[in-house]
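One structure below.
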Amino acid sequence: MPPATIATRATPDHRIDISSETCPMTFVLVRLALDQMKSGQILEIRLRGAEPRRNVPLTAQEQGHEVVSISDLEKGESIILLRRG
């Protein structure tokens, strides 16, 4: 599991906001976005809650994608950058 915050930042190629969604739809939407991207492109994901904050990066890594960074914001929101594998 990635650390709470990773300092590396990258410019995202695509952005999605899933902060109003709950599991399991959070990763379904991330997966759909990643499937439309080219290998090496960066996806920025805005989400809310501990469960998607934990599960989205874990599942992405299991599917061969790279967690570039995780930034925790106020009100339980996080920004996750994933590089498509």
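Here are some notes:
- For R15, distant residues with modelled amide H under 5 Å away: E44
- Working ranking of peptides 11-18, 40-47 by packing, defined as the average number of other Cβ atoms within 10 Å per residue, highest first, is 40-47, 11-18.
- Counted charge near L82, where neighbours are those whose Cβ lies closer than 9 Å (Asp, Glu -1; Lys, Arg +1): 0
- Computed across the chain, the Kirkwood hydrodynamic radius from all distinct Cα-Cα pairs reaches 12.4 Å.
Any read-out appearing in this document is the output of simple, stated calculations on the displayed coordinates, not a laboratory observation. Because the structure is a prediction, the values reported are computed rather than measured. For neighbour counting, all protein chains shown are included, and Cβ atoms are generated from backbone atoms with ideal geometry for every residue, glycine included.
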